[in-house]
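What follows is one structure encoded as structure tokens, with my remarks underneath.
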Amino acid sequence: MPELPEVETVRDGLARWVVGRTVASVEVRHPRAVRRHLLGAADLGARLAGARITAASRRGKYLWLPLASAAETDSALVAHLGMSGQLLVRPADSPDERHLHVRIRFADVPPDGTGTELRFVDQRTFGGLMLDQLVPAVDRPDERLPAQVRHIARDPLDPHFDDAIFSARLRRRDSALKRALLDQSLISGVGNIYADESLWRARLHGERRGQTLRPAQVRELLTQVRAVLTESLRAGGTSFDALYVNVNGEGGYFERALNVYGREGEPCPRCGTAIRRLAFMNRSSFLCPNCQRRPRS
DNA sequence: ATCGGTCCCTGTGTGC
DNA sequence: TGCACACAGGGACCGA
């Protein structure tokens, strides 16, 4: 569910509210939430206890909190929100959420005993937490990221995103443009909403093959991807319902700015043609059949 | 090395 | 009111 603007909004909240704090204890209430931590919930809890959170980082839709303690120096708590995951900073005495799967208590509880805790809540359980080692990034060895995140490409707002490499790889592909935009090892942070919005802005049909794009079209596409991600980030992301929220439980406001996503039957804001919904890749794609011409097959 | 399809879950809305 | 089905911001994995 959450894409770059939503995940970055969460990262920013973590940077404000949990960086610098020391973990006291971890309570795993649903084992599936830590299934990717192969050593199990007990190991995760034991290693997190006593560790100080030193930063809040992100690559694409992955988040991680680097740790510092006697035992954990090059490790991080890695989180992926999947379709419905939330990281919430909540008062310790606030009621448990229905799908609260992991609770992280901090050592710095004020005297009144009502400090905040970090909660991982996830209705559909596609997301999860794990501890992982930090390793050098492939392209910039001075930069570190969790080993499990190495295969994720940089996102288009990352200052070290390489436009030329992206263009070359995209134009070599025999796959549909939309599939390529959703491939996190090619470009990260873009999901179903922002792929559709970017393609509409660039007037490209999602079923166009990467190979058929001219370099100028790839540049235009990248420009529009960046524009829509930046605008959404400024609005705090897109919240169709209460599933995507920031760490304080608040939604974002970008839904009203969407041009095609979820707007089947409504007029295209550019030409007035009715927006169409296509089933594609087991997902919905929304597009303007006039502005985004289907490629000849 | 790529590509497309399938599966993992729970909840909500729709139509019969 | 109940039930069946489609669908939902993702991605790992598996054959071809």
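The values are calculated or read from the model by the stated rules, or taken from the named source; none is laboratory data. Quick caveat, the model's predicted, so the values are computed rather than measured. Glycine gets a Cβ as well: all are built from the backbone with ideal geometry, and neighbour counts include every protein chain shown. We work out accessible area using only protein heavy atoms, side chains counted, and drop any ligands, DNA or RNA first. Shrake-Rupley method; radii C 1.70, N 1.55, O 1.52, S 1.80 Å.
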Open item on the list: Once each part is reduced to its C-alpha centroid, what is the distance from region A:160-197 to region A:198-251 in angstrom?
Closed with: 11
TODO: Pop the C-beta distance of A:T212 and A:R270 into the FRET formula with R0 = 30 Å and round what comes out to the nearest 0.05.
DONE: 0.85
Open item on the list: Amide H of A:S75 versus every other amide H placed in the peptide plane: which residues, excluding those fewer than 5 positions away on the same chain, fall under 5 Å?
Closed with: A:L67, A:L134
Open item on the list: Rounding to the nearest 10 and keeping the result within 0 to 90°, find how far the Cα-based axis of helix A:192-201 lies from the longest principal axis of chain A.
Closed with: 40
Task: Hz values of 3J(HN,Hα) by residue in region A:64-69 - Karplus curve (6.51, -1.76, 1.60), Gly and Pro given as x - done: 8, 10, x, 10, 9, 6
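Could you work out the local net charge near A:E72, counting Lys and Arg as +1, Asp and Glu as -1, over the other residues with Cβ closer than 13 Å to its Cβ?
Numbers: positive: A:R47, A:R52; negative: A:D43, A:D74, A:D132.
So the environment of A:E72 carries a net charge of -1.
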Open item on the list: Order A:169-177, A:50-58, A:80-88 from most to least packed using the mean count of other Cβ atoms within 10 Å.
Closed with: A:80-88, A:50-58, A:169-177
TODO: Please calculate how many Å² of accessible area chain A carries per residue, with a 1.4 Å probe and no DNA, RNA or ligand atoms counted.
DONE: 46
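Within region A:221-297, list the trypsin sites (Lys or Arg not before Pro) lying in a DSSP loop whose Cβ has at most 16 other Cβ atoms in a 10 Å radius.
Sparse-neighbourhood loop trypsin sites (Lys or Arg not before Pro): A:R270, A:R293, A:R296.
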Open item on the list: If you fit an axis through the alpha-carbon atoms of helix A:4-17 and take the longest principal axis of the Cα set of chain A, what angle between them do you get, 0 to 90°, nearest 10?
Closed with: 20
Task: Cα-based Kirkwood hydrodynamic radius, chain A, one decimal, Å - done: 20.2
Task: Total charge dipole magnitude, region A:137-191, about the Cα centre, Cβ charges on Lys, Arg, Asp, Glu only, Debye to nearest 20 - done: 280
Open item on the list: Helix-only mean residue ellipticity at 222 nm, chain A, DSSP H runs n ≥ 4 weighted -39,500 (n - 2.57), per residue, nearest 500. What is it?
Closed with: -7000 deg cm²/dmol
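Around A:G127, what is the net charge, scoring Lys/Arg as +1 and Asp/Glu as -1 over all other residues with Cβ under 11 Å from its Cβ? Could you put the intermediate results ahead of the total?
Numbers: positive: A:R32, A:R35, A:R36, A:K61, A:R124; negative: A:D122.
Overall, the nearby charge balance is +4.
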Task: Intensity falloff of region A:36-143 expressed as log10 I(q)/I(0), Debye formula with alpha-carbon point scatterers, at q = 0.15 Å⁻¹ - done: -0.70
TODO: Rounded to the nearest 10 degrees, what's the angle between the helix A:215-234 long axis and the longest principal axis of chain A, both from Cα atoms, 0 to 90?
DONE: 40
